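This report refers to the structure that appears directly beneath it.
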Protein chains: 2
Amino acid sequence: MAIPRAAKTQRRTRIQEEKEEQILEAALDVFSVHGFRGSTIDQIAEVAGMSKPNLLYYFRTKEAMHRALIDRVLFTWLEPLRAFNAEGDPESEIRSYIRRKLEMARDFPRESRLFANEMLQGAPHVVDELKGPLKSLVDEKAEVIRAWAKAGKIAKCDPYHLIFSIWSTTQHYADFDVQVRAVLGDQHSGEGRFEDAARFLEQLFMGGLSVHPLT
Amino acid sequence: MAIPRAAKTQRRTRIQEEKEEQILEAALDVFSVHGFRGSTIDQIAEVAGMSKPNLLYYFRTKEAMHRALIDRVLFTWLEPLRAFNAEGDPESEIRSYIRRKLEMARDFPRESRLFANEMLQGAPHVVDELKGPLKSLVDEKAEVIRAWAKAGKIAKCDPYHLIFSIWSTTQHYADFDVQVRAVLGDQHSGEGRFEDAARFLEQLFMGGLSVHPLT
DNA sequence: AGATAATTTGACCGATTGGTAAACATTACA
DNA sequence: TGTAATGTTTACCAATCGGTCAAATTATCT
């Protein structure tokens, strides 16, 4: 019989697993640069090294590919925020959150750009996830930060905008990589740049959140 | 005679000026959301309220439209950084730079997204401007900041990463507007959100750059 | 090995893409 | 007002788009 398309089968073949992986890898390459509408199945197929109908055998539509990709990436992307620990020491929790986010920007820039592209377009495919799970998670962590501020462990500040600023400053190094590279010139090699950024951001946030600001 | 297409003429007609303005306005709408490859001339034409060939009478190609748009926007976009004054008081200069950038994110979100899209795609159309004029301007202002730090007027810090962090935190409110809105919920109206962000960023940067950090 | 299911491909489809040609309409200016 | 330049539109083009189909190939299991 022809096929219940990959998705329908109960057990996943070894081939299915390999090829779907291969496809999503290529899709990440393409979608993260050109966004949903700017990407073509043909290009993804070429990067994946297989024919277009073969791609469409595993994912029925371009949208299905994009969705599968987003779903997979979304989970790991929020991992650092989930790891944010209410019981820990505020300063070191925030510090290590920043570092983790920066590491992700360094190690998974395509994933960062995939989301950035989606956001720029008004998040047509993930707006529900934003208003649901993401908001819940942020609300929870914001409450933790607020409690820390109330207890005088860090400066009083809007926890939501604090989180936004950590997101934006760290992801900037993935999303605006070209600009960063162009402005800094090619003298700073990859690892040096990363360490410079980490040191600066630590200084910025630790200073900005210290309990007794001088100004 | 048929036409030396608009560009070639010496004096620009009233109609030329109006229509080109109309087109670039529509192009900004479309390009800022979908990026270069994701945008279509047809869609821009529809938004602009004119026929596709009419569009192509004023701009020969899609690329020409995009370039004209980028060129026009690039200048005003760097205005706040240019206004950065070496003679002024460091603290208030930085403070007002942040505020100006935040105001631009609020008042010109499409322009911000246009650039963000271009950066995500590796800046294929503006990489030269980045390495040239932009880098020069940033180099110049970075030197000013470095001098301030050396004179003990602000904390010692990497001036480049300081500038990056101001760019990213402020532009975040334009580029990731959907996310911000989703997370904050619709309770915070536009103006309130802006003021909250301004207050937080001011606290963050003034604290982070104060001369005697406690940590 | 043989049968059956899973995988892959070339050929193809209608719709949309960026862009052109030429006829037509309008404007500006003597 | 006439006419030349400017502006606009209809019809169209080849290329590419997302996606289908049926045939061919390969893997799996008895």
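Nothing in this text is a laboratory measurement; each read-out follows from the coordinates by a stated rule. In this text, all values refer to a predicted model and were calculated from it rather than measured experimentally. Reconstructed Cβ throughout: ideal geometry from the backbone, glycine too, with neighbour counts over all protein chains shown.
Summary table
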item: Given charges at beta-carbon only (K, R positive; D, E negative), |dipole| of region A:78-208 in Debye; result: 280 debye
item: Cα-only radius of gyration and Dmax that characterise region A:133-215, units Å; result: 15.7, 45
item: Degrees between helix A:62-77 axis and first principal axis of chain A (Cα, 0 to 90, nearest 10); result: 30 degrees
item: Helix A:135-150 vs. chain A, principal-axis angle (Cα, 0 to 90°, nearest 10); result: 10 degrees
item: For chain A, built as a Gaussian network whose Cα springs stay under 10 Å, the top-fluctuating residue of A:V138, A:V33, A:V127; result: A:V127
item: Region A:16-56 versus region A:76-92: alpha-carbon centroid distance in Å; result: 33 Å
item: Cα-centre dipole for the protein assembly as shown with unit charges at Cβ (Lys and Arg positive, Asp and Glu negative), debye to 20; result: 680 debye
item: FRET efficiency, A:E87 to B:K156 (Cβ-Cβ, R0 35 Å, nearest 0.05); result: 0.55
item: Chain B, relative contact order in percent, only Cα pairs under 8 angstrom and at least six apart counted; result: 22 percent
item: Sites A:R99 and A:E191, calculated FRET efficiency, Cβ-Cβ separation with R0 22 Å, nearest 0.05; result: 0.95
item: Shielding of A:34-41 by partner chains, average beta-carbon count, 10 Å; result: 5
item: Charge-dipole axis of the protein assembly as shown as Lys and Arg at +1 and Asp and Glu at -1 on Cβ define it, positive-most pick from B:G88, A:S39, B:V126; result: A:S39
item: Expected 222 nm ellipticity per residue - DSSP helices of 4 or more, -39500 (n - 2.57), all of chain B, to 500; result: -22500 deg cm²/dmol
item: Shielding by partners - mean other protein chain Cβ count within 10 Å, residues of A:192-199; result: 2
item: At R0 = 22 Å, FRET efficiency that the Cβ-Cβ distance of B:R199 and B:R110 yields, to 0.05; result: 0.30
item: Folded to 0 to 90 degrees: helix B:14-38 orientation relative to chain B principal axis, Cα; result: 60 degrees
item: Positive-end extreme of charge dipole, the protein assembly as shown - chosen from A:F164, A:F108, A:L69 (charges on Cβ); result: A:L69
item: Alpha-carbon Rg/Rh ratio, for the protein assembly as shown, with Rh computed the Kirkwood way; result: 1.00
item: Entries of A:K153/B:K135; A:K156/B:K101; A:K135/A:K156; A:K131/B:K19; A:K150/B:K101 with Cα pairs more than 28 Å apart; result: A:K153/B:K135; A:K131/B:K19; A:K150/B:K101
item: Global form of region B:78-209, assessed from the alpha-carbon gyration tensor, a/c cut-off 1.5; result: oblate
item: Within region A:42-149, GluC sites (Glu not before Pro) in DSSP loop having at most 14 other beta-carbon neighbours inside 10 Å; result: A:E87
item: Sorted largest first, extent of region A:11-73 alpha carbons per principal axis (Å); result: 33, 24, 17
